[in-house]
Amino acid sequence: MGSRHVYVLSFLLTLLGAGLFIYKIVALGFPIVPGEKSDLWDVEVRISFVARGGPVKVSMFIPRTSSRLAVVDENFISRGFGLTTTLVNGNRQAAWAIRKASGAQALYYRSSVQALEPAEEETVAKRPESQPLPSLEGPYLAAAETLLKSAREQSADLDTMVAQLIKHLWEPHNDSNAALLTGPRPDRDRVAEAALQLLALAQVPARLLQGVRLTLPSGEAPMLSWLQVYSEGRWSAFDLGTGEAGLPGDYLIFSIGPEPLFKVKGGNKVHYTIAVRRTEAGGLEAAALRGRIVNPQLLEFSLLSLPMQTQSVYRVLLAVPVGAFLLVIMRNIVGIKTFGTFMPVLIGLAFRETQLLWGLVLFCAVVTLGLSVRFYFERLKLLLVPRLAAVLIVVVLLMAALSIVSHHLGLDRALSVALFPMVIMTMTIERMSIVWEERGPAEAIQQGLGSLVVAALAYLAMAAAYTEHLMFVFPELLLVLLAGSLLLGKYTGYRLVELRRFKALASPRP
Amino acid sequence: MIFGTVRRLREAGVLGLNERNNRYTLAYNPRYLYPLVDDKLRTKQLALKAGLSVPELYGVIEIEHQIKGIHEVLEGHREFVIKPAQGSGGDGVLVVAGRAKHMYRLVSGVIMGRSQLAHYASNILSGLFSLGGHPDRALIEYRVQFDPLFGAISFQGVPDIRIVVFQGFPVMAMVRLPTRLSDGKANLHQGAIGAGVDIATGRTLTAVWRNEVVTEHPDTGNPVTGLQIPHWDRLLGIAAQAYDLTGMGYVGVDIVLDRDKGPLLLELNARPGLNIQIANRAGLLPRLQLIERIAARPNTVEERVAFAKDHLAAP
Ligand SMILES: Nc1ncnc2c1ncn2[C@@H]1O[C@H](COP(=O)(O)OP(=O)(O)O)[C@@H](O)[C@H]1O
Ligand SMILES: [Mg+2]
């Protein structure tokens, strides 16, 4: 079929792709730039301790999805520990266990949390079973009763009473009764404990929430407890610091109840940190939520409806065509020679994990070493397929050795050499050695460098946050790339390198 | 700078790789015909059927098992060539020029043991040199003895004559002279010299060696321009006939001149290289377009050759 056909097809594809692209930006408000208006967070809890040498058990409450924040993805990193997650009294709990451990240990919990549009209606909560009366005696009981009384007098309803109580508890210097319950220097925990006792005395069901706030400016998010009080089928929350009513939208609940966030059995020097980071992906989800309202059908069939894990795969996959397109340009317009058609793209993909510089270093190391082994094999006169298998084995061995050596040198980046596609490496080494023998080292090195340059460029193109975002949010751009590739398939202009090759023909005849 | 060069190359009618692929090989060479030219054995059979001379085939090794018997096949032949049936660009062509005891001596003087030769054949079978790495066959054939004319201007190998044939018309030709670098092979990127040949007269024009214009053979120092290639009309005839043989619209025909047997068809190329333009210091495009414009297309080989000689003479 003629060129006309290709031009028309490319035009239609471009029209469709670009049209959808513009529609999504203008009408649906999809963000063109990554990281706009993010409402997705990464939460990481790290528990470190020194194991005593015997069995170790660690349990920790882990966040739950609430009506405002959804835990969309989570994972646990715990070398050697067995892991179970269970529901304990309505709380989610992770339990790590190991038969024997000694020395410093670190356990990680990571999750992605996404803000939801707040739901209108909350379900009616059942009245909890009545709590036992607090074990307050003598002066403590008297102080508590006085406090309760004055709070009641200064308030109109339960909500204001609770707020009053908390306020009083923070002012031990003004109120000797409060001083008796919280001590001279109250802190959040002491206030929480006192408030629970007071409310129990007043026969008001109350409980504590443990959680973190996601939007505090610092990287570390302290554990903050919140007070919840039951009345008329509803749990309402109070800030234990100020007495203010209501739960902030960014409060991520880890557990309900007085129990501590985690317990470690069989270890000491326990230390924990909670880190919260806003991820850049967010603008997209925000737009998706908005889009869902404008035109739900459109998004049902978009990548955004896929599970998180699959989405992250597609983030990478959709960038590959960009690399391939770049390869087409490098080969058919510039005229760079590479080993294998798509090898540079695959190597570029592997660079994502190693980062560019390390990737180049590791690639060169593996290929150079592999090549020398391959030259040795050449002398052994092996059949082709067994020889390829042998080179493959050597490549894997080299990668393992490189990882071990670099790990001992403290270069953890180099561990990711394992992500290099080994079959591709093997074929590269094989082809390079043949070119080396048949056409000489100059040609082999030239083609090797060509491949490497294209791989690096493909990496830069594919790994750019911008590319990834654009292709993922606007997969219709693939149609534009498709159109571009079709057009390049009909390209008849000179390759840049041909300008040099045919130099003699460009100069006028002598 | 770039645009200036592009413009001047356009004016000279230089054919680039993209354009060759798009306008000529993709358009004029149907995919199903490729096996005819990509497999040298089939080309040979076709040529023989059409009455063209080819280097005599001594044997074919198709499976690993036959390699054991390779030395028996070679028994009666001091000189021979082993090459992959589906190779290209001179890769994998082994030219054996004699024996040293029971070992084999290559044109370059390198000695190859019996097991080395067997290993070489096995490499061919496993597809080391074939286009897509497919399993291949090894051909063993007569080693062409070069015409004394070329003795002074080729180093240890047989020069071959490459003629680009478009729709049955020979459009451009060059003679490729092996050098020390090319190891007895006449492929340009292996380091052979290419000298343009005037289609009308069969005289050599300027020559290129590794993309540089040269006038003398780098190994022998003899001039390479102005030589008359013998049997020129027959060579053009063979080339033109190659089109009827396969139906490929755009091919490069490789012919060798044997001292005793005259012109022998060596192989056909469905993707002939573009350096022939440098050797001729002329672009292919004007000639190809001229052929494309012919209204009443002559049918016989003789007519096509005559047309080419009339219209495509070197300026
Ligand atoms: N039978 C032969 N006798 C002598 N030289 C040969 C013979 N066959 C091939 N050669 C040399 O090897 C070169 C490449 O061989 P050819 O058959 O054209 O394969 P390719 O497809 O790899 O170009 C030829 O140009 C010629 O110089
Ligand atoms: Mg050839």
Row for the stretch B:225-315, column shape: gyration tensor on C-alpha, a ≥ b ≥ c, rounded if a/c < 1.5 i.e. under 1.5, prolate if a/b over b/c, else oblate; value rounded
Rounded to the nearest 10 degrees, the helix A:384-408 long axis (Cα) sits at an angle to the longest Cα principal axis of chain A of 40 degrees
The local net charge around residue B:84, scoring Lys/Arg +1 and Asp/Glu -1 for residues other than residue B:84 whose Cβ lies under 14 Å from its Cβ, equals -2
Across chain B, qualifying lysine pairs (alpha carbons under 30 Å, at least 8 places apart or different chains) come out at 26
Mean projected area, convex hull of alpha-carbon positions in the stretch A:428-510, reported to one decimal in nm², is 8.9 nm²
Calculated from DSSP helices alone, with each H run of at least 4 adding -39500 (n - 2.57) and the total divided by the residues of the protein assembly as shown, [θ]222 nm to the nearest 500 comes to -12000 deg cm²/dmol
A correct Karplus calculation of ³J(HN,Hα) over the stretch A:4-21, with 6.51 cos²θ - 1.76 cosθ + 1.60, θ = phi - 60°, whole Hz and x for Gly and Pro, returns 3, 3, 5, 4, 4, 4, 4, 4, 5, 4, 4, 4, 5, x, 5, x, 4, 4
The distance between the Cα centres of the stretch B:72-119 and the stretch B:204-238, in whole Å, is 27 Å
With Cα coordinates, the longest principal axis of chain A makes an angle with the long axis of helix A:477-488, in degrees rounded to 10, of 10 degrees
Within 10 Å of the Cβ of an average residue in A:435-442, the count of other chain Cβ atoms is 2
Amide H neighbours of residue B:216 at under 5 Å, excluding residues fewer than 5 places away on the same chain, with H built from the backbone geometry, are B:224
For chain A, the Debye formula with one identical point scatterer on each Cα and no solvent gives log10 I(q)/I(0) at q = 0.07 Å⁻¹ as -0.61
For B:206, B:179, A:215, the accessible-area ranking with a 1.4 Å probe, largest leading, is A:215, B:206, B:179
At 10 °C in a medium of viscosity 1.306 mPa s, the stretch A:315-474 has a Stokes-Einstein diffusion coefficient, with Rh taken as the Kirkwood radius over alpha carbon pairs, in µm² per second, of 98 µm²/s
In degrees, nearest 10, the alpha-carbon axis of helix A:441-463 is tilted away from the dominant principal axis of the alpha carbons of chain A by 30 degrees
Per residue of A:491-498, other chain Cβ atoms within 10 Å number on average 6
Whole-number value, in Å³ per residue, for the convex hull of the alpha carbons of the stretch B:124-232 is 134 Å³
Given backbone amide H placed at 1.01 Å from N, residues whose amide H is under 5 Å from that of residue B:267, ignoring those fewer than 5 places away on the same chain, are B:254
Along the dipole axis of chain A (charges at Cβ: +1 for Lys and Arg, -1 for Asp and Glu; origin at the Cα centre), the most positive-end residue among A:170, A:105, A:323 is A:323
The whole-number value in µm²/s of the Stokes-Einstein translational diffusion coefficient for the stretch A:157-238, with Rh from the Kirkwood sum over alpha carbon pairs at 20 °C and 1.002 mPa s, is 157 µm²/s
Projected area averaged over all directions for the convex hull of the alpha carbon atoms of the stretch B:57-141, nm², comes out at 4.9 nm²
Calc'd 3J(HN,Hα), the stretch A:371-379, phi into Karplus 6.51 cos²θ - 1.76 cosθ + 1.60 (θ = phi - 60°), Hz, glycine/Pro = x, comes to 5, 5, 5, 4, 5, 5, 4, 4, 6
Mean projected area (nm²) from the convex hull of Cα positions in chain B is 16.4 nm²
If unit charges are put on Cβ atoms (+1 for Lys and Arg, -1 for Asp and Glu) and the dipole of the stretch A:351-510 is taken about its Cα centre, the option from A:385, A:436, A:425 lying farthest towards the positive end turns out to be A:436
Note, the stretch B:97-112: 3J(HN,Hα) by Karplus (6.51, -1.76, 1.60, θ = phi - 60°), whole Hz, Gly/Pro = x, goes 9, x, 10, 10, 6, 9, 9, 10, 10, 7, 4, 6, x, 5, 9, 10
Plugging the Cβ-Cβ distance of residue A:314 and residue B:27 into 1/(1 + (r/R0)^6) at R0 = 30 Å yields, to the nearest 0.05, a FRET efficiency of 0.20
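The values are calculated or read from the model by the stated rules, or taken from the named source; none is laboratory data. Computed from a predicted model, the values in this text were never measured in an experiment. All Cβ positions, glycine included, derive from the backbone under ideal geometry; neighbour counts span all protein chains shown. Surface areas here come from the heavy atoms of the whole protein model, side chains and all, with no ligands, DNA or RNA. Shrake-Rupley method; radii C 1.70, N 1.55, O 1.52, S 1.80 Å.
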